[in-house]
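Participant: Take this structure first; my questions come after.
The values are calculated or read from the model by the stated rules, or taken from the named source; none is laboratory data. Quantities reported herein were computed from a predicted structural model and do not represent experimental measurements. Here the Cβ is made from the backbone with ideal geometry for all residues, glycine too, and neighbour counts use every protein chain on show. These accessible areas exclude ligands, DNA and RNA; they are computed on the full protein's heavy atoms, side chains included. Shrake-Rupley method; radii C 1.70, N 1.55, O 1.52, S 1.80 Å.
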Amino acid sequence: MKSFTKQFGPVTSVIGAQWGDEGKGKVVDLLAKEYDIIARACGGANAGHTIVVGDHKHVFHLLPSGCLHEGKQIVLGSGLVIHLPTLLEEIDLLQEHGIDIIDRLHISEEAHIVFDYHKDIDAALEIMRSKEKGQEIGTTKRGIGPAYMDKAQRVGIRMGSLDSDMRAELEQRAAFIKHAYNVTVHVDNELKQMQLSNNRIGKCIKNTAAFLHSSMENDQTIIIEGAQAVLLDIDHGTYPYVTSSSTTLAGALQGLGIPPRAVSSCIGVAKAYCTRVGSGLFPTEASEADATRLRDRGGEYGSTTGRPRRTGWLSLDDLSYVARINGFTHWNITKLDVLDEEHSIPFELQGEMQSMEGWTQKTAELREWKQLPKHAQKYIERIEKETNVPVAFIGTGQKREDMILR
Ligand code: IMP
C-alpha cells in the first residue's frame, strides 16, 4: 500500500481542470484515509457531488466529499458562500445515518451567507440576460453570483454575524432589492433561518485560517478540495460563462488563508473526455450522435440541476494551459472506461482536432497499469507528454476501488 502523504506531501490540493464534474470526489475519498483535514475554500451550493450514505446515493453541495470519513476535521473556508438551509440539510442527513460532524466542522466567520433572495435575484438576472442578450449564463440558480456581488460591493452578511440581530439591515436591503430586481425579501423567514442555524452550528464558526495554521504547525495534514473547475474561474475561465469565484489552486489558498509555500502538491482532475453544463465556448463539443453516446455511457447529467451535460472530446491545449496556471504536479484522469467502445478518439492539440486509435476493449474495473490495453496506455502517455505532468491516478469505473494508481 502506497503512502499518499509521502507521495503528495502534507498539504495536497485537488483541482478540477475542465468545466466541473470531473469526479474530484473519488480521489479525495482515496486520499482522505491518510489525511487529517479536508478543506473546502470557495464557491457554494452550485457544486454537487454524489455520496453514497448507507444504501442510498445523496448529492451534497456544501460539505466536501471527504466528510464521510469519521474523525476527519472538515473546514469550510472564508471564500465560501453558504446557503444555511442547505448546510443544515446536509448535516441532518449525515446525522440520520449516524454520522455526526458538528464536533469536527469548522466554518469560517468570514464566509458569506447566501440568502434565499440571492437565489431569486440569480433567477431574475438570468431572465434579464436572456431577454436582453438572448443568452443566459445557465447558472445553477443557487444565488452564487448575487452573493459574490454583495461580497465585492462590501455589503455581504457573513457567518460571523449569525448571532447578531440583522433585522434593520435586511429590511433596508429588502426595499432596494424590490426596486432593483422586483424580488421580495422575506425578512422574518431569513432571520428565522439565521437563528436556527446559529443554534445548530454557531459553535462551529471561527477563524478557520488560524485553525489551519496551528494544525499545520502541529504536523496535521490537509487536503484542499477544490470546487467547480478552472475553465469556470472568474479570471482564467471562459468569461462571462463562468462562476463567480476563483476556482484555481491560488483561489483556494486565498479562500483558506494558507500561504502558497505550504502546498506540497496539486492534483489536477480531468475526464478522459470533456463535459460542460451551461452556456459558453466548447470548441471540442461532439456531434449530437457522439455526444449522446458518451453522455449515456458516462451518465452525464448534472448532479445539482439534473441538466444533460454538453459532451465532447479532450482538449490537450486546455489541459496544458490549466496545468500551468495551477502548477499541477500530478493528474487524475477519470472515467477512462467511458471511451472503451470508441474506434477513434478525437482530441484538440494546437488548435486543431486530431485523433488517436481507440482501444475498443474493456478497461472498466481494471486496477493495474499493465492490464490497460496498449492504446489506452498511449492515450494516457500522450496527455502526459503534451501537458508535461505525470498521471498518478486513472479512474476506470464508478466504484471506489476502480482506480489505477501509478
Ligand atoms: P453559477 O456558479 O451557479 O453562477 O453558474 C455559472 C456557471 O458555472 C454555469 O454554467 C454552471 O453550470 C457552472 N457551474 C457552477 N458550478 C458547477 C459545478 O460544480 N459543476 C459544473 N458546472 C458548474
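Participant: Could you pull out the residue among Gln195, Gln220 that is part of a helix (DSSP H, G or I) and open to solvent by 30 Å² or more (accessible area, probe 1.4 Å)?
Facilitator: Being part of a helix (DSSP H, G or I) and open to solvent by 30 Å² or more (accessible area, probe 1.4 Å) holds for just one of Gln195, Gln220, which is Gln195.
Yes or no, residue by residue, for (1) more than 10 Å from the chain's Cα centre (by Cα); (2) surrounded by 20 or more Cβ atoms within 10 Å (Cβ to Cβ); (3) within 16 Å of the ligand (Cβ to nearest atom); (4) part of a helix (DSSP H, G or I):
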{"position": "Gln7", "(1), (2), (3), (4)": "yes, no, no, yes"}
{"position": "Ser13", "(1), (2), (3), (4)": "yes, yes, no, no"}
{"position": "Gly20", "(1), (2), (3), (4)": "no, yes, yes, no"}
{"position": "Leu31", "(1), (2), (3), (4)": "yes, yes, no, yes"}
{"position": "Cys42", "(1), (2), (3), (4)": "no, yes, yes, no"}
{"position": "Asn46", "(1), (2), (3), (4)": "no, yes, yes, no"}
{"position": "Glu70", "(1), (2), (3), (4)": "yes, no, no, no"}
{"position": "Leu76", "(1), (2), (3), (4)": "yes, yes, yes, no"}
{"position": "Thr86", "(1), (2), (3), (4)": "yes, no, yes, yes"}
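Participant: Taking region 139-168, which residues are part of a helix (DSSP H, G or I) and more than 16 Å from the ligand (Cβ to nearest atom)?
Facilitator: Result: Gln153, Met159, Gly160, Ser161, Arg167, Ala168.
Participant: Could I ask something else about it? How many of the residues in region 182-192 are part of a helix (DSSP H, G or I) and open to solvent by less than 70 Å² (accessible area, probe 1.4 Å)?
Facilitator: So the answer is 4.
Participant: Between a residue in region 125-138 that is within 14 Å of the ligand (Cβ to nearest atom) and any residue that is open to solvent by 70 Å² or more (accessible area, probe 1.4 Å) and modelled with pLDDT under 95, which pairs come within a Cβ distance under 7 Å, given they are 6 or more apart or on different chains?
Facilitator: Within 7 Å, the pairs are Glu126/Glu136; Arg129/Gln135; Arg129/Glu136; Ser130/Glu136.
Participant: Inside region 133-173, can you point out the residues that are of a type in the set (D, E, K, R) and either open to solvent by 60 Å² or more (accessible area, probe 1.4 Å) or more than 25 Å from the chain's Cα centre (by Cα) (or both)?
Facilitator: Lys133, Glu136, Lys141, Lys151, Arg154, Arg158, Asp163, Asp165, Arg167, Glu169, Glu171, Arg173 - these are the residues of region 133-173 that are of a type in the set (D, E, K, R) and either open to solvent by 60 Å² or more (accessible area, probe 1.4 Å) or more than 25 Å from the chain's Cα centre (by Cα) (or both).
Participant: While we're on this one: Counting only residues that are among the basic types (Lys, Arg) and assigned by TED's automatic domain parsing to the domain that holds Trp19, give me the strands (runs of 3 or more DSSP E) lying completely in region 312-406 with at least 2 of them.
Facilitator: none
Participant: Count, please, the residues in region 355-370 that happen to be in contact with a strand residue (DSSP E or B) (Cβ under 8 Å, 6 or more places away or on another chain) and either open to solvent by 80 Å² or more (accessible area, probe 1.4 Å) or of a type in the set (Ser, Thr, Tyr) (or both).
Facilitator: 4
Participant: Looking only at region 311-333, count how many residues are in contact with a Lys or Arg (Cβ under 6 Å, 6 or more places away or on another chain) and open to solvent by 60 Å² or more (accessible area, probe 1.4 Å). If you could, list the steps in order and put the result at the bottom.
Facilitator: Just the residues of region 311-333 that are in contact with a Lys or Arg (Cβ under 6 Å, 6 or more places away or on another chain), to begin with: 311.
This time we only want the ones that are open to solvent by 60 Å² or more (accessible area, probe 1.4 Å), so: none.
The number of residues fulfilling the criteria is 0.
Participant: Are any of the residues in region 52-60 open to solvent by 10 Å² or more (accessible area, probe 1.4 Å) and within 13 Å of the chain's Cα centre (by Cα)? Reasoning before the result, please.
Facilitator: Keep residues of region 52-60 that are open to solvent by 10 Å² or more (accessible area, probe 1.4 Å), which gives 52, 54-59.
Filter once more, so that each one left must be within 13 Å of the chain's Cα centre (by Cα): 59.
Scanning region 52-60 turns up at least one residue that is open to solvent by 10 Å² or more (accessible area, probe 1.4 Å) and within 13 Å of the chain's Cα centre (by Cα).
Participant: Mind checking which residues of region 223-250 are in contact with a Leu (Cβ under 8 Å, 6 or more places away or on another chain) and outside any loop (DSSP other than H, G, I, E, B)?
Facilitator: Across region 223-250, the qualifying residues are Ile223, Ile224.
Yes/no matrix, rows are residues, columns are (1) of a type in the set (Gly, Ala, Ser); (2) without any contact (Cβ under 8 Å) to a residue 24 or more places away in the chain; (3) in contact with a Phe, Trp or Tyr (Cβ under 8 Å, 6 or more places away or on another chain); (4) within 16 Å of the ligand (Cβ to nearest atom):
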residue: Asn207; (1), (2), (3), (4): no, no, no, no
residue: Met216; (1), (2), (3), (4): no, no, no, no
residue: Ala227; (1), (2), (3), (4): yes, no, no, yes
residue: Gln254; (1), (2), (3), (4): no, no, no, no
residue: Ala270; (1), (2), (3), (4): yes, no, yes, yes
residue: Ser279; (1), (2), (3), (4): yes, no, yes, yes
residue: Thr284; (1), (2), (3), (4): no, no, yes, no
residue: Thr292; (1), (2), (3), (4): no, yes, no, no
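Participant: Which of the residues that make up region 107-125 are touching a Lys or Arg at 6+ places or on another chain (Cβ under 7 Å) and part of a helix (DSSP H, G or I)?
Facilitator: Lys119, Asp122, Ala123
Participant: Going by the conditions given, is Ile222 of a type outside the set (Ser, Thr, Tyr) and either modelled with pLDDT under 95 or over 18 Å from Ile15 (Cβ atoms) (or both)?
Facilitator: No, not satisfied.
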